[in-house]
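Where a number appears in this text, it was derived from the coordinates with a stated rule and is not lab data. Computed from a prediction, not measured in an experiment: that's the story for all the values here. When we count neighbours, we look across all protein chains shown, and the Cβ atoms used for this are built from the backbone with ideal geometry, even at glycine.
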Amino acid sequence: MCQWGEGLMKKIMVVGASGVLGKLVCIELLRIFENQIKLIVTDYKAGRGKKLATSFNKEVQFQYLDVSDKESVKEAIKNVDIVVVGLKQKLPHIQKVCIENEILSIDVTPFYDFLEKVIELNQSAEKNNIGSVIMSGFFPGLSGLMIKNAISNFKK
C-alpha cells in the first residue's frame, strides 16, 4: 500500500475512465492507494459516467468532462491534485489547463503524434514548476498491467 502522508487525501481524476485503459487505471489506483485517495471518473456521457462511478463499490465521484472543450476541462479539474489521461486527444487541452493550474498530469496513452503537441507546452510547465508526463503507458508501466490482466484467464 502506498502512503501519501498522514491526513492527506489526494483527489485523482481519471479522464477516459469508461474505456478499457481508463478502467484498468481506476482499478489499480483504488487497489494501490486503498482508502487514501478520492477518485473522480469523467465522461462526456453523464449516464455512462455515473454508472461507472457506482460500479467500483467504493466512494468514487463522477464529473462531466468534454475533452474537446477547454472550458469544460477548466471546470472539471477544479480542486484536483492529479489528472490521469487515458484517452486520445486531438489537442492537449487537459495538459495545458493542468499546467496553468499547477496540477500534475499523467497521460498513459501511446500516441506518438500527440507528443509534439504537448512538447510545445514544456516551457510553460517548467515556468510553473509542474510535471506533465506523457506516453507513460509503455511497458513495464500500465501496458504491463493490461497484459497481466489479459493473460490472467489463461492456464498456461
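Pairs over the 30 Å Cα-Cα cut-off, from the set K11/K96; K23/K127; K51/K117: K23/K127; K51/K117.
In terms of packing, defined here as the mean over residues of other Cβ atoms within 10 angstrom, the peptides 67-79, 91-103 line up highest first as 91-103, 67-79. Karplus-based coupling profile of the range 33-41, in residue order and whole Hz: 9, 6, 9, 9, 10, 10, 8, 10, 9, with θ = phi - 60° in 6.51 cos²θ - 1.76 cosθ + 1.60 and x standing for Gly or Pro. With 0.36 nm allotted per residue and the present C-alpha distance subtracted, the K90-D69 stretch has 6.5 nm of extension available.
Using Cβ point charges alone (K and R +1, D and E -1), the dipole size of the range 19-63 about the Cα centre works out to roughly 200 debye. For R48 and K10, a Förster radius of 25 Å and the Cβ-Cβ distance give a FRET efficiency of 0.50, rounded to the nearest 0.05. For K11, the residues 5 or more places off, or on other chains, whose built amide H falls under 5 Å of its own are K38, D81, I82.
A Förster radius of 35 Å, combined with the Cβ-Cβ distance separating Q61 from S124, puts the computed FRET efficiency at roughly 0.80. Taking every C-alpha pair closer than 8 Å and separated by at least 6 residues, the mean separation divided by the residue count of the range 10-150 gives a relative contact order of 21 percent. Cα gyration tensor of the range 1-101, axes a ≥ b ≥ c as square roots of the eigenvalues: rounded (a/c below 1.5), prolate (a/b > b/c) or oblate? It comes out oblate by the Cα gyration axes.
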